[in-house]
Amino acid sequence: MGSKTPEEHQQGPDGMRSSAGAIADINPPKTAAATGLVSGVLEGQDEDGEDAEDDNTQCDMKTENSKNKKKRKNNKKTKKDASGQQTTPPRVALANVFPDNKYPEGEVIEYAVNDDNLKRTTSAELRHQDAIRNMDGDFLRDYRKAAEIHRQVRQYVQTIAKPGVTMSKLADEIEEGVRALTGHQGLEAGDALKAGMGFPTGLCLNNVGAHWTPNPGAKDVVLEYDDVLKVDFGVHVNGRIVDSAFTVASNPVYDNLLAAVKAATNTGLKEAGIDARIDHISEIVQEVMESYEVEINGKTIPVKAVENITGHNILRYKIHGDKQVPFVKTETDQRMEEGDIFAIETFGTTGNGYLTDDIGVYGYGRNEHVRPSGLQYASAKSLLKTIDENFGSLVFSRRYLERLGVKNYHLGMKSLIASGVVEDYAPLVDIPGSYIAQFEHTVLLRPNCKEVISRGDDY
């Protein structure tokens, strides 16, 4: 889910409490960054490593060789055991597919160093301790579970995201799949805070860059052959959010546009690491993306990096943290730090490269900086209670409210927005007739390696 700008796109409060202090409890300040500029190689890595839930300091890639066992002939008909298998569409809770709670690793990449003197040894142990406490076995298990749910759901959605499908159908398949696989339907107070959707499903067509989702009562939109569709959704387990997105285009005329953005995202992932300079990453990502051009209707168009939407770090129960990763050259002294979780995403466009707010509402988010005092309408107070109990600081949509059975909430929502307690987010668009592509993955900056947690064999 793309972040707008540091000033414009802060998200809501802690999922369990409405005070700003609770946020600090869940997301403590980071310690000073470790030294050493990081680079790595993504291509050719084996994604399916053996999960080591207590592996917080070592990141060796492991492979498990399975032995072929001869099956005895049996004339007796036996009932096939369905445990450990997923359905199509995916609807089996992941806890039943992985009964041992060992979920697949993401793509694990050792940090590269150019000088033996820069190797991370016992001299950095004090700095490691805070990060390790935040990246314990529960942390990795939750993140790997969320990532595996995202992989299984998106791989199914890629098979049905074809011309003729409606946006409502895609959103339903994504959201029903995520809730089924997490084992949390989110219909009881607090259940959606245990696991489920990390933010509203983004389904953005053509010049719509980000923040569009089908709303109840609106005319349904059908995917056409000449459309460019961005699919952006998040999965959380215990507030640990995996954010990943991909682009679908049936017409091969857009192949170079998609290739440019995918290459830019992969470059950002390659350069990400402990103590990596964000301005360095941004400059290289822009160079890669804008080295491409695309030919549409006989006209050659350069691919531009979108300048006012960024990648971002992720905090617990907060999809957008306090760090931005632009994909245009920028001036900042921010660096990535040990223990950070980043959504590395890029948007490339055939338009102006600057997104503006469109008509409509994508979703809502609680503002932890505004106290809910002085609310005049009972409907606003009741709605705020529902928001706090079911979403906390997670961004939510009208679909999610109405799924809970909330009715006649529009006046109460207007009051909450007017008071600043809740923020609303509009779709973001480039000029009409332009096309935008997006690719995104989530990377964990662990003490001795980075793990592209959402990487799969689909992209």
**Request:** Could you tell me whether the range 233-244 includes any residue that is polar (S, T, N, Q) and under 20 Å from residue 321 (Cα atoms)?
**Result:** yes
**Prompt:** Quick check, is residue 366 among the basic types (Lys, Arg) and surrounded by fewer than 24 Cβ atoms within 10 Å (Cβ to Cβ)?
**Reply:** no
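Hey, could you check the range 246-298 for residues that are polar (S, T, N, Q) and within 22 Å of the chain's Cα centre (by Cα) and say which is farthest from residue 442 (Cα to Cα)?
Going through the range 246-298, the residues polar (S, T, N, Q) turn out to be 247, 250-251, 256, 265-267, 282, 286, 291, 297.
Those still in the list that are within 22 Å of the chain's Cα centre (by Cα) too: 247, 265-267, 282, 286.
Details: 247: 16, 265: 11, 266: 11, 267: 13, 282: 17, 286: 19 Å.
Of everything passing the filter in the range 246-298, 286 is farthest from residue 442 (Cα to Cα).
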**Message:** Taking the conditions exactly as written (under 24 Å from residue 141 (Cα atoms) and either in contact with a Phe, Trp or Tyr (Cβ under 8 Å, 6 or more places away or on another chain) or not in a loop (DSSP other than H, G, I, E, B) (or both)), does residue 258 satisfy them or not?
**Reply:** no
**Prompt:** Picking from 331, 338, 345, which residue would you name as being in the same structural domain as residue 236 (by TED's automatic domain parsing) and either in contact with a Lys or Arg (Cβ under 7 Å, 6 or more places away or on another chain) or among the hydrophobic types (A, V, I, L, M, F, W, C) (or both)?
**Reply:** 338
**Item:** Filter result for the condition that a residue is among the hydrophobic types (A, V, I, L, M, F, W, C), in contact with a Lys or Arg (Cβ under 9 Å, 6 or more places away or on another chain) and under 22 Å from residue 313 (Cα atoms), over 375, 355, 384
**Value:** 355
**Message:** Anything in the range 312-333 that is more than 30 Å from residue 206 (Cβ to Cβ) and more than 21 Å from the chain's Cα centre (by Cα)? List them, or say none.
**Reply:** 331, 332, 333
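On the basis of being within 19 Å of residue 235 (Cβ to Cβ), at pLDDT 90 or above and part of a helix (DSSP H, G or I), does residue 157 make the cut?
Judged against the criteria, residue 157 is a match.
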**Request:** Test residue 416 against the criterion of being assigned by TED's automatic domain parsing to the domain that holds residue 342, touching a strand residue (DSSP E or B) at 6+ places or on another chain (Cβ under 8 Å) and either without any contact (Cβ under 8 Å) to a residue 60 or more places away in the chain or of a type in the set (A, V, I, L, M) (or both), and give yes or no.
**Result:** no
**residue 253 vs. criteria surrounded by 24 or more Cβ atoms within 10 Å (Cβ to Cβ), touching a residue at least 24 places away in the same chain (Cβ under 8 Å) and in a helix (DSSP H, G or I)** = no
**Prompt:** Limited to the range 324-356, what total is found for residues that are at positive phi and among the hydrophobic types (A, V, I, L, M, F, W, C)?
**Reply:** 0
**Message:** Is it the case, given these coordinates, that residue 340 is within 30 Å of residue 301 (Cα to Cα) and out of contact with any Asp or Glu (no Cβ under 9 Å at 6 or more places or on another chain)?
**Reply:** no
**Asked** Of everything in the range 334-345 that's over 12 Å from the mean Cα position of the chain (by Cα) and in contact (Cβ under 8 Å) with a residue 60 or more places away in the chain, which residue is farthest from residue 391 (Cα to Cα)?
**Response** 335
**Message:** Looking only at the range 278-301, count every residue that is farther than 20 Å from residue 254 by Cα and modelled with pLDDT under 95 and tell me the total.
**Reply:** 0
**Prompt:** Would a scan of the range 169-186 turn up a residue that is part of a loop (DSSP other than H, G, I, E, B), more than 18 Å from the chain's Cα centre (by Cα) and within 21 Å of residue 4 (Cβ to Cβ)?
**Reply:** no
**Asked** Do you know which residues across the range 400-428 are crowded, with 23+ Cβ neighbours inside 10 Å and either within 28 Å of residue 288 (Cβ to Cβ) or of a type in the set (Lys, Arg) (or both)?
**Response** 428
**Asked** Just to be sure, is residue 329 assigned to a loop (DSSP other than H, G, I, E, B) and more than 30 Å from residue 419 (Cα to Cα)?
**Response** yes
**Message:** Tell me yes or no: at least one residue of the range 356-363 is under 24 Å from residue 213 (Cβ atoms), surrounded by fewer than 18 Cβ atoms within 10 Å (Cβ to Cβ) and more than 23 Å from the chain's Cα centre (by Cα).
**Reply:** yes
**Asked** In the range 395-439, what count of residues is obtained for those that are assigned to a strand (DSSP E or B) and in contact with a helix residue (DSSP H, G or I) (Cβ under 9 Å, 6 or more places away or on another chain)?
**Response** 8
**Request:** Considering each of 284, 319 in turn, give the residue that is within 25 Å of residue 453 (Cα to Cα) and buried (at least 22 other Cβ atoms within 10 Å of the Cβ).
**Result:** 319
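The values are calculated or read from the model by the stated rules, or taken from the named source; none is laboratory data. All of these numbers come straight from a predicted model, not from anything done at the bench. Every residue, glycine as well, gets a Cβ built from its backbone with ideal geometry; the counts of neighbours run over all protein chains shown.
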